[in-house]
Structure formats: structure tokens, C-alpha cells
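Quick notes on the structure that follows.
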Amino acid sequence: MPGLHTKSEQGDEHYHHQRLHQYLLQGLGYRHAGSVQPRLAAQLGQLGITNAVSGIPRLPLHCPRPPWPRPLKPALVAAVTPQLLQSASNPHGVPLKKYDDNRASSTADRSQFYREIASGPFYGANRPGAKVSQGVMDRFWLQGITAGHHNTYACIKAFSETDFTADLKKFTIPTLIIHGNDDQIMPIAVSALRASDLIDNAILKIYEGAPHGLTDTHKDQLNADLLEFLR
């Protein structure tokens, strides 16, 4: 997903974490989803960003650490939370074979792997009537192929297996959850619908027919909803 950087009438800056995703994966190592947050907080603090919107679920728990104040209105956009992988505690999750196949494809031909994700499930380009530009799909491929191979490989385990259930239960402030009901990467039934049940005062917005890459395919709707929530 691309970054979202908007500015409200009050001048508060809102930054969607995915703009930094490639940079962080390349230089920091991504072995566990929870390991990125302290360093991400430091990076955003250096940028002077004081009110953040993020798809990283543990971000609000790290925000009290200086120099970055706690965001008042977190948002989970097409997020993995609470957990994707099928397990005894998550029987309706995604089977491990799906992610094993991803790892095998990444090892065999990662360039083709990224092209197939972009032209298939990520933006819903494999759905009848879908309109996804070649430029958008090429950008996805470019971000993937220029990221560190080891880190993107390890990322598959991090986003699929990390269990954020306990973290979501600690959310104490209103949280906006936005997800497409045709997300083929992070199925809504095991992500947003469960997350909305775990977070008190959650506001769930479901985008009809939206894919995982809704920050591109539904960017106007997303920007409007984020700005309305943040004001």
C-alpha cells in the first residue's frame, strides 16, 4: 500500500506507515511485527509527525515513549489484526500452506511473485470489471523487488503469525477500522471483524468490494473517512 500524507485544517499531520515500509524492511530487519514499532516511532518523531494514522497495530502502545506523543485517534486500515494464521485459537484463519506457498514463490522467482500479487489479489485486478492501472501494479512490483530479500521473506511469517489479540484488548480510545469485504490478502472475517469485537469503542467501516490495496483503489473514500475521523 502507498503512503497517505494529508494535512487537516488544524495543521496536524497524519502519516500512514506504509510509506516507510520499504525503508524499514531494508534497513531494520522485520522478524516480528512488534519489533518495528519503537524504531518507527523514532523515525516519525524525527519527521515532526504528532498525530499518526497507522496500519501497525502495536503503534499506539509505543507512542507514550518520547519524543512522540500518543496519537489520539488510531486507525487500522486493511490491517492484519488480530491474527491471520489458522490455529487452535483461530480455527477460521488462513491455513499455513498459503504462506508456505508464498515463501516458495518468493524464493523461486520473487520478481514474478510480486507481479502476480499486483496483477491478481492485492488490488482485486483478478475480479471481473476491475480497473487497476499498470502504473499502480508496477509500483507495487518496484517496492517489493527493491526491498531486502531476506526481510521481505521474513515478513511473510511476521504478518501471518504474529498474534495481536492481547494488544487490541489494550486499546482504550476510539479506533477506526477500515477494511474491504473483498480483501483477498487479509480476509475481513479473520481481521477487521474480529478486531472490531476486541476493541472497545471501535468504529468499523466496510468498503463494499474493496481489495487489500484500497489505499489506491478507494483512496478518495479513505481520505474522506480518515479526515472525518481525525477532526
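Laboratory data are not the source of any read-out in this text; all were calculated from the coordinates shown. Computed from a predicted structure; not experimentally measured. Quick reminder, even Gly has a Cβ in these numbers, built from the backbone with ideal geometry, and neighbours come from all protein chains shown.
Give the calculated FRET efficiency between N201 and Q46 to the nearest 0.05, with a Förster radius of 35 Å applied to their Cβ-Cβ distance.
Here the calculated transfer efficiency is 0.70.
Once the Cα gyration tensor of segment 134-224 is diagonalised, what are the square roots of 5 times its eigenvalues, in whole Å and ordered largest first, as equivalent ellipsoid semi-axes?
Computed over segment 134-224, the values are 25, 19, 11 Å.
If you place +1 on the Cβ of every Lys and Arg, -1 on the Cβ of every Asp and Glu, and leave all else neutral, what size is the dipole of segment 92-182 about its Cα centre, to the nearest 20 Debye?
Here the size comes out at about 100 debye.
Among Y153, Y123, what is the fewest-to-most ranking by other Cβ atoms within 10 Å?
Y153, Y123
For K131 and R231 in one chain, what is 0.36 nm times their gap in residues minus the Cα-Cα distance, to one decimal in nm?
32.8 nm
I want to check the label-to-label distance for E116 and I173. Put each point 7 Å from Cα in the C-beta direction and report it in nm to one decimal.
Result: 4.2 nm between the two label points.
Separation between the D138 and E208 pseudo-spin-labels, each 7 Å from Cα along Cα→Cβ, expressed in nm?
Distance between the two pseudo-spin positions: 3.4 nm.
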